[in-house]
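The values are calculated or read from the model by the stated rules, or taken from the named source; none is laboratory data. The shown structure was predicted, so the numbers you read here are calculated from the model rather than taken from an experiment. As a convention, Cβ positions derive from the backbone with ideal geometry for all residues, glycine included, and neighbour counts pool all protein chains shown. With ligands, DNA and RNA removed, areas are computed over all heavy atoms of the protein, side chains included. Shrake-Rupley method; radii C 1.70, N 1.55, O 1.52, S 1.80 Å.
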Amino acid sequence: MESERGDSLFGYVKPVQGQLLVCEYEAYKAIYCGLCKALGKTFGPFSRLTLNYDFVAVAMLHMAVRKPKVEYLPFRCAANPLKKRTLCICPESLDFAAACAMAMLYSKLKDDIRDERGFKRIGKWLLLPLARSGLKKAKKNEPRMAQIAEEIMNRQNKIESDPSAGIDLAADPSASALGQICALMSEEEGQQAALYDFGYMLGRWVYLIDAADDYEEDLRRKRFNPFLYLKDKTNAERQSEISSILNFCMTEAAARFEKLGLKKNISILQNILYLGLAAQQRRVLSGKAPKAG
Amino acid sequence: MNNPYDVLGISHNATEEQVKEAYRKLARKYHPDNFGADNPLSDLAEEKMKEINQAYDTIINSMRGGNTGYFNFNAIREMINSGRLDEAERALDSIPQHNAEWNFLKGSIYHRRGWLEQAATFYQTAASMDPGNAEYMNAVNQICWQRGGNFGSFNQGFNQTPYRNNGSTGGCSSCDLCTALCCADTCCECMGGDLCTCC
């Protein structure tokens, strides 16, 4: 696992590593490796390149909800055979997260291809067949998941064609998709509703921070962005408004998380929610230092 | 029940005259006399007519201050608390007067759904319409608290997180004492002295 990459490609939902206990850090890394293995096993070696921290968090939440048997084994990774690593074995949760990652990858790529131009677009085109076969396999293993991913794509396109869509509406497809995915984790009705509520808020946060991260580029290329209504404000005003909106969402997600009453993996998940999200917000918002004017 | 204002196709601030006018127009259109007994649309028209009558009664009663039971805020609160958000929203949308409580309940529905920005707007409207109400004020304060990036509840007054907050704040256990003593002894011995003569 690489340390802090200032790149959204690898996900926003991750812990602040310096604040993890060593055992928690080891467990987190092992789950990361386990997810990579699970992706490779079901979706082929190339799918491993799309590994993303967000789905490590999904796997950990799934473990906390389902409490499956988890094993840790020493192994050597093909990418760096000299280093001994620990591998987490927990097919139930890791396969769930892998299917989730592939289903989401397809909808994300489709979205990117619509937005990007030039080389990046060609790159994404090359990935598309991989994503398509991934979606097909995900459909077989987790039919509901693929359905959720397709739904979000259709709704997002429709909403983004209207530049005046408010923040709540724009974030709704992504938010409700993660909500539905989280609800799949439990069989019990009350817990499903609580998981949906939490997933909704986390999905909303991910959508909004991604939008905040892309703001400048979207503005330049005249693409849809939910924060464009702030474009006439000064940089400082805009940043403080975006930061307030993200804060509200993040604290609400944490409050809804506590209602789930989970025990397993709790300190890593709490690290992610109470420290990790805030750290990502600081990174995204400070990355664009206020310019004159 | 559908929103009576939508049924009649009028806006929420329509006058009594406009309500009556809209009702008359629709009643003429859907009146059973316009459809013969063997017309396949007659059932549909009858259904529609019933709905129109109901909507008209609801609106007129509420305008004259009569309580139809349909516009009961407590019942709507109950719905929101038990998570029946769509039902609560329909009931709320059918209420003609948008007073402070209406705005507060609307905000609560959006809040539960996760539409936080909308929720904030409605809570603020509620609080500005009735500044003395502690419940509305509390909701607004809580939002300010969270927008500032604070976890937990505004009323507790500090940014409390359950993360690694299991009661042991600092302090020194018996284990720590022994370890410290061992360390001190070792250091002393390095320099030629001796703190604990026994080891």
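For the range A:169-180, the count of residues that are assigned to a loop (DSSP other than H, G, I, E, B) and within 13 Å of chain B (Cβ to nearest Cβ) is zero. With respect to (1) closer than 19 Å to A:D112 by Cα; (2) open to solvent by 10 Å² or more (accessible area, probe 1.4 Å); (3) β-branched (V, I, T), the lone exception for A:I209 is condition (2). Note on the range B:105-125: among residues that are more than 7 Å from every other protein chain (Cβ to nearest Cβ) and hydrophobic (A, V, I, L, M, F, W, C), the one that is nearest to A:A193 (Cα to Cα) is B:I109. Among residues of the range A:270-283 that are within 8 Å of chain B (Cβ to nearest Cβ), those with a Cβ under 6 angstrom from a residue that is open to solvent by 10 Å² or more (accessible area, probe 1.4 Å) and among the β-branched types (V, I, T), sequence gap 6+ or separate chain, pair up as A:Y274/B:T161; A:L275/A:V16.
Checking each residue of the range B:84-104 against the condition of being assigned to a helix (DSSP H, G or I), open to solvent by less than 40 Å² (accessible area, probe 1.4 Å), touching a helix residue (DSSP H, G or I) at 6+ places or on another chain (Cβ under 7 Å) and within 12 Å of another protein chain (Cβ to nearest Cβ) gives at least one match. Looking at A:P81, A:P68, A:P15, just one residue is modelled with pLDDT of 90 or more and either open to solvent by 80 Å² or more (accessible area, probe 1.4 Å) or over 17 Å from the mean Cα position of the chain (by Cα) (or both), and that residue is A:P68. For the range A:243-260, does any single residue satisfy the condition of being aromatic (F, W, Y), under 20 Å from A:M63 (Cα atoms) and within 11 Å of another protein chain (Cβ to nearest Cβ)? Within the range A:243-260 (the criterion being aromatic (F, W, Y), under 20 Å from A:M63 (Cα atoms) and within 11 Å of another protein chain (Cβ to nearest Cβ)), the answer is yes, since at least one residue qualifies.
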